[in-house]
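Down below is the structure, laid out as structure tokens.
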Amino acid sequence: MDFLRPASWEEALAAKAEHPTAVPIAGGTDVMVEINFDHRRPEYLLDLNRIGELSEWEVGQEKVRLGASVPYSSIMDHLRAELPGLALASHTVASPQIRNRGGVGGNLGTASPAGDAHPALLAADCEVEAESVRGTRLIPIDAFYTGVKRNALEPDELIRAVHIKKADGPQQYSKVGTRNAMVIAVCAFGIALHPETRTVRTGIGSAAPTPIRAKEAEDFLNAALEEGGFWDNGKIITPAIAKQFAALASGACNPIDDVRGTAKYRRHAVGIMARRTLGWTWEQYRGAGRTLEGAA
Ligand SMILES: Cc1cc2nc3c(=O)[nH]c(=O)nc-3n(C[C@H](O)[C@H](O)[C@H](O)COP(=O)(O)OP(=O)(O)OC[C@H]3O[C@@H](n4cnc5c(N)ncnc54)[C@H](O)[C@@H]3O)c2cc1C
């Protein structure tokens, strides 16, 4: 196995163009597990750790440009206000050691349906900045996950950054696992309220072949909130609306039975998490200094 150690982003792109089968390694918290268990024996490893800019982020007017290798611990420490859903999801990843090494670029590279960043990224809305010697493209997150542990990257492309919409309202992340730490999600749910566009977005993890949004649930809720004037009057969302949102979120799942949980349990749990996280975020929204006249 050859170890390629580019000193700059340009060198990394050139190396990937020359060796498209080279496996990039950032934190190594997925790659090294696969190599240690002999699940993968790549001819080339492409070490991205000398490229400092991959561990940097920029907070812009509307978006955060998050370098592919920014570790989860930095997201938790520095981007909680801008990316609350992703910060909450980061909290649930593994242990401090893994959170200091692993990052969103690696989670996207692996594209496991159980990856914790995905539901938060889907709910917040973002684009993946993919680059090769041929140029740069922004892949909408909805188009990024193409199958079980498959993504939309071309063989010569690397992830440079992720452009994530800054929170304009409350966000939440909920994960079911057998214990609080060091656990792969049985299933997970992310939600983001976007008061500016009067929309709600969701993300579901570990309950379908890829991370997905619960689009029907979103459409239903967006129409119900609009119809009832909820964004303006700040009323408590009725139990009937919350129940239907949960049922549609549950219906969006296409899970399997595996060692971590049954398909039936996953569908049920996603419904519960959808209802709870909607309740939590809506309470935050109602309490966030908006006019509550007429609120129930
Ligand atoms: C003990 C343990 C517990 C874990 N618990 C969790 C958990 O709770 N939740 C969770 O989501 N994950 C968990 N993981 C998995 C892992 O930590 C995450 O997926 C993490 O985000 C991977 O990031 P990394 O930088 O270490 O990726 P790496 O291992 O370096 O790479 C992962 C994949 O992404 C590719 N890649 C990396 N960077 C780029 C890039 N810039 N461009 C293109 N491709 C790239 C690699 O080639 C590889 O295919 C756990 C892992 C371990 C070992």
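See the values below:
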item: Contour minus Cα-Cα distance for ASP77 and ASP168 (0.36 nm per residue); result: 30.8 nm
item: Cα-based equivalent ellipsoid of region 171-295: semi-axis lengths in Å, sorted from largest, via gyration tensor; result: 28, 14, 11
item: Likely footprinting exposure, TYR145, TYR285, TYR173, fewest C-beta neighbours within 10 Å first; result: TYR285, TYR145, TYR173
item: Calculated FRET efficiency for the pair MET182/ARG276, C-beta based, R₀ 22 Å, to 0.05; result: 0.40
item: Rounded, prolate or oblate (a/c below 1.5 giving rounded, otherwise prolate when a/b exceeds b/c) for region 82-233 by Cα gyration tensor; result: oblate
item: Net lengthening on full extension, ARG41/ARG134 (0.36 nm per residue, minus Cα-Cα); result: 30.8 nm
item: Distance (nanometres) between label positions extended 7 Å along Cα→Cβ at ALA240 and GLN61; result: 4.3
item: Mean separation of Cα contacts under 8 Å (6+ apart) over length of region 171-295, as relative contact order %; result: 27
item: Extension gain (nm, one decimal) between GLU196 and ASN100, 0.36 nm per residue minus Cα-Cα; result: 31.2 nm
item: Alpha-carbon gyration tensor eigenvalues x 5, square-rooted, for region 1-121, Å; result: 25, 18, 11
item: Label point at GLU18 placed 7 Å out along Cα→Cβ; residues across region 104-148 whose backbone nitrogen lies under 15 Å; result: 133
item: Positive-end residue, the chain charge dipole about Cα centroid, Cβ charges, pick of PRO113, ALA217, ALA240; result: ALA240
item: Cα-based equivalent ellipsoid of the chain: semi-axis lengths in Å, sorted from largest, via gyration tensor; result: 35, 21, 16
item: Burial ordering of LEU121, LEU46, fewest other beta-carbon atoms within 10 Å first; result: LEU46, LEU121
item: GNM result for the chain, Cα springs below 10 Å: residue of PRO140, PRO113, PRO84 fluctuating most strongly; result: PRO140
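A short reminder: the numbers here are calculations on the coordinates, not readings from a lab. These numbers come from a predicted model, not from an experiment. Methodologically, a virtual Cβ is constructed for each residue, glycine included, from the backbone with ideal geometry; neighbour enumeration extends over all protein chains shown.
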